[in-house]
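This is the structure I have questions about; it appears just below.
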Amino acid sequence: MDALNADLVVMLPNGGTRDDLMALLGFDRLPSVQQGGLAVEDDATVVGFNTPSSLSLQYSLGRITPQLEAVGA
């Protein structure tokens, strides 16, 4: 869990769900989870960050706007 100690975490659970992540011991105590900065996303959103273009970044950032607002407050 130490590697996930961040204000914002964008994650693709690769066949899993948000509930699967929440079942992991200590996951609910991560700063991103407690502060609303956890974004469990789909393939398209994660690929948009990994293969950036102006349109893909706009799409992906739009998908995690609530989490960005939560950690930026």
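Ranked from highest to lowest mean number of other Cβ atoms within 10 Å per residue, what is the order of the peptides 34-46, 1-13?
Packing proxy ranking, top to bottom: 34-46, 1-13.
Quick one: order L21, L55 from most to least accessible surface, probe 1.4 Å.
Sorted by accessible area, descending: L55, L21.
Okay, moving on. Do the sum for the chain: with -39,500 (n - 2.57) for every DSSP H run of n ≥ 4, divided by all residues, what is the mean residue ellipticity at 222 nm, to the nearest 500 deg cm²/dmol?
Only helices count here, giving -12000 deg cm²/dmol.
Could you give the accessible area per residue of the chain, probe 1.4 Å, as a whole number in Å²? Present the calculation step by step, with values, prior to reporting the outcome.
Details: 4730 Å² over 73 residues.
Ligands and nucleic acids excluded, the figure is 65 Å² per residue.
Could you pull out every residue, at least 5 positions away or on a different chain, whose amide H is within less than 5 Å of the one on V40? Hs are placed 1.01 Å off N in the peptide plane, and Pro or chain starts have none.
M11
In debye, nearest 20, what is the charge dipole magnitude of the chain about its Cα centre with +1 on Lys and Arg Cβ and -1 on Asp and Glu Cβ, if you could check?
120 debye
Leaving out ligands, DNA and RNA, what percent of the accessible area of the stretch 1-50 is carbon and sulfur, probe 1.4 Å?
The nonpolar share, carbon plus sulfur, comes to 49 percent.
Angle check, please: helix 54-63 long axis (alpha carbons) against the longest principal axis of the chain (alpha carbons), in degrees 0 to 90, nearest 10.
Rounded to the nearest ten degrees, it is 30.
The values are calculated or read from the model by the stated rules, or taken from the named source; none is laboratory data. Note that the structure is a prediction, hence the values are computed from the model and not measured. All Cβ positions, even for glycine, are placed from backbone atoms using ideal geometry, and neighbour counts span all protein chains on display. These accessible areas exclude ligands, DNA and RNA; they are computed on the full protein's heavy atoms, side chains included. Shrake-Rupley method; radii C 1.70, N 1.55, O 1.52, S 1.80 Å.
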